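Everything on this sheet refers to the single structure shown next.
Read-outs: derived from the displayed coordinates by stated rules, not from any lab. Quick caveat: nothing in here was measured; it's all calculated off a predicted structure. Cβ sites come from the backbone with ideal geometry, for glycine too, and all protein chains shown count toward neighbours.
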Amino acid sequence: MDLTESLRRFFGHDTFRPGQEAVISRLLPGRSVLALFPTGAGKSLCYQLPALLLDGLTLVVSPLIALMKDQVGALQARGLAAERLDSTLSPEEVNRVYSSMEDGSLKLLYVSPERLANAGFLKRLQRCDISLFAVDEAHCLSEWGHNFRPDYLRLPEVARSLGAGRVLALTATATPAVAAQIRERFGIAEEDQVQTGFARPNLRFRVHPCTARERDRRLVDLLGEAEASPAIVYVTLQETSERVAGLLKRAGIAARAYHAGMRDEDRAEVQDGFMDGLIPVVVATIAFGMGVDKSDIRRVVHFNLPKSLENYVQESGRAGRDGAPAVCDILACADDLTVLENFIYGDTPSPTALKSLVEHVLLRGEAFSVSRYDLSQSRDIRQTVVETALTYLEMEGLLVPEGPFYGGSEVRLLRPFETVLAGLPHDRKELLRRLFETGKAGRLWHRFDHGESATALGVTEEMISRILSDLAVHGEAVRRPYGLRHAYHLGAGTDRSVGAVAARLADRFASREVAEIARLHQVVDLCETPQCLPQQLIAHFGESIAPCGNCAVCLGEHAGGPLPATKRGELTLEDAALIREAKAEHHPALRQPRQLARFLCGLSSPATTRARLNRDDRFGALAEVPFLEVLDQCESF
């Protein structure tokens, strides 16, 4: 098969980028491949072209809705049969995608990893011929990687259960250890790892050691240099993005903030403006950039230290994708370490909270369901951490997932209730009347907990769901699901002792904490070591190059040495009095020392958010103090 001719016919390109042909030529005969390419090196073509040459359906698993939308739109514009399934689609659009899956006309389907936990969707996929199972951002599978996502752990088993003809795992940021773990999980031979090298000669890396006071001025100077935009300025905190965007505007630089706390429409306006060239500078948290395919970014500035070398490579790699020169700057200040470390320590759940969670899931019988949101709220553990804890229990064989479902429905009648009942058989009419008596009536919507309604009526939850669904099908009501739950049954794990299981979970989270702190300090080492910057970065990913001759170290602009820091002394007597005062109030959301320490360090949790303690003047009063020092004081009183 002439791959170059296929490339020209489907995509209009005359040549492959490095590594692309090597990946595709392995996939077509049925081998599974790990593609380790730098950001912007054309990973997507490695599954798009095979999808068009293979019989059957190519399933692309990606966590990035923006990427799905962009790629599906581009493929459809070329007349290619590609679709996506995500939370933004209407029921009618979802059904249209299902129809194209069933009739075999669909060639590429993009989904999120979470959707593959849905048992009903998996049954649909099992009726399809999955010729290629492609996993983007495959480093998320590694629990010791920089961006672990629990839903990724299930993907190897999903690929096997679907009988996928071959697997393609893709990532731009896998260390040798993480790459080996990806290969092992997906059964990829070592010789089928295609790695093109991380060197980006067109990028100039610079480190600017500075104090927190100096940073604002240094940023304005950097963005005033020639060809300094389009630019992304990365910051750690949402409030920092707003402050720095305002600072740049006052300096005459057109900039906008972007962060997860903004309204969806405002974020879309900023992203679209940046893509269209109307907004030259975006000051963003890491919420910005994933899946944003803008080739002419000339400058990426890290106003705050990145969380890890992997994050830094991914974020700085968004510059210069067009191959033209671009600059990547770090305004390096050791003061950032306290905030970044505090986030890591604050995420670690307390042993008490973990034991309570384990009791809840292991002592409920052989089969049960849980709401991750409710577990998060009741145990005061962030929901993503709850998901990770449950996944660890799956990895131990203690829990076997059976997929998500909605435990409730909200129903808005389109006609008066008595009119809806009119004409129904007597038994049906009485059942519907009794069902609505079990619901909670609002101004427009009735809310039903399927379990509570089923118990009250002496029927199954499936029947409750079917009755409410029939109302919508027959045009009598609008129905929307609520209350996402996940079903499990207990596995064959031998040791179900709550104390032992909770202790093992605590050890896992403690190990993750140590690994995250170590990753953060690797960034400091990069900035402090008087060695070629690209050489250090590439060594982290298992490769070696000669000094680049173009970075700040090679040009003699940066000699290394300790980063500037504003020394903060030990906790003061006033700080100790503040801790004692807050503890003496015995607030339910601050009962545990770790809860109190998180509150004083300005780290939100489900309990403090629910109690609106984020508005308390003491919230974040000790944000500049290392978390472990605050925790030690909270435990001593």
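Using packing as a proxy for protection, rank 214-223, 303-312 so that the peptide with the highest average count of other Cβ atoms within 10 Å comes first.
303-312, 214-223
Need the C-alpha centroid separation for region 580-613 versus region 503-557, integer Å.
When both Cα centres are located, 34 Å separates them.
Find out how many positive minus negative residues lie around H360, taking Lys and Arg as positive, Asp and Glu as negative, among other residues whose Cβ is under 12 Å from that of H360.
+2
Any idea what the relative contact order of the chain is, in percent, if you count C-alpha pairs under 8 Å spaced at least 6 apart?
Here the relative contact order equals 13 percent.
Rounded to the nearest Å, what's the spacing between the alpha carbon centres of region 475-499 and region 406-433? Just the number, please.
27 Å
Using Cβ counts within 10 Å as a stand-in for footprinting exposure, how do T88, T196 rank, fewest first? The partial results should precede the final answer.
Numbers: T88 10, T196 17.
By the 10 Å Cβ count, ascending: T88, T196.
Given Q535, G451, A623, which one lies farthest toward the positive end of the charge dipole of the chain, if we put +1 on the Cβ of every Lys and Arg and -1 on the Cβ of every Asp and Glu?
Selected residue: G451.
For region 351-490, what relative contact order do you get, as a whole percent, if you take Cα pairs closer than 8 Å and at least 6 residues apart?
Across region 351-490, relative contact order equals 39 percent.
What dipole magnitude, in Debye to the nearest 20, does the chain give about its Cα centre under +1 on Lys/Arg Cβ and -1 on Asp/Glu Cβ?
So the dipole magnitude of the chain works out to roughly 880 debye.
Taking amide H positions as placed 1.01 Å from N in the peptide plane, with prolines and chain starts having none, which residues 5 or more places from L399, or on another chain, fall under 5 Å of its amide H?
Residues meeting the amide H criterion: E394, G491.
Return the percentage of antiparallel bridges among DSSP beta bridges fully within the chain, rounded to the nearest 5 %.
35 percent
Could you run the Karplus curve 6.51 cos²θ - 1.76 cosθ + 1.60 with θ = phi - 60° over region 619-634 and give me ³J(HN,Hα) per residue in whole Hz, x for Gly and Pro?
Rounded to whole hertz, the list is 5, x, 4, 10, 4, 8, 9, x, 4, 5, 5, 5, 4, 4, 5, 4.
Listed highest first by mean packing, meaning other Cβ atoms within 10 Å per residue, what order do 30-43, 429-442 come in?
With the highest mean Cβ count within 10 Å placed first, the list reads 30-43, 429-442.
Would you grab the residues whose amide H sits under 5 Å from the one on A332? Only those 5+ places off in sequence or on another chain, please, with H modelled 1.01 Å from N.
Distant-sequence amide H within range of A332: H208, C210.
Which whole number of Å³ per residue matches the convex hull of the alpha-carbon atoms in region 351-490?
122 Å³
For region 62-166, which semi-axes, largest first and in whole Å, follow from the square roots of 5 times the eigenvalues of its Cα gyration tensor?
They are 22, 17, 13 Å, listed largest first.
Please express the Cα-Cα pair-distance distribution P(r) of the chain as a list of whole percents, one per 20 Å bin, running from 0 to the bin with the greatest distance.
16, 47, 32, 5, 0
Based on the mean of other beta carbon atoms within 10 Å per residue, what is the order of 496-503, 374-381, most packed first?
Numbers: 496-503: 15.2, 374-381: 20.1.
Descending packing order for the listed peptides: 374-381, 496-503.
What value, in deg cm²/dmol to 500, does the helix sum -39500 (n - 2.57) over DSSP H runs of n ≥ 4 give at 222 nm once divided by the residues of the chain? Walk me through the numbers before you get to the answer.
Values: 26 runs with 280 residues, N = 637.
Value at 222 nm, helices only: -13000 deg cm²/dmol.
Size of the dipole of region 530-625 about the Cα centre, Lys and Arg at +1 and Asp and Glu at -1 on the beta carbon, nothing else charged, in debye to 20?
Magnitude of the dipole: close to 520 debye.
When S6, S316 are ordered from fewest to most other Cβ atoms inside 10 Å of their Cβ, what list results?
S6, S316
Taking the alpha-carbon centroid of each part, what is the distance from region 7-82 to region 268-330 in angstrom?
23 Å
Taking only C-alpha pairs under 8 Å that are 6+ residues apart, what is the relative contact order of region 573-636 in percent?
It rounds to 37 percent for region 573-636.
Would you order R615, R594, R267 from fewest to most other beta-carbon atoms within 10 Å of each residue's own beta-carbon?
Ordered by Cβ neighbours within 10 Å, fewest first: R615, R267, R594.
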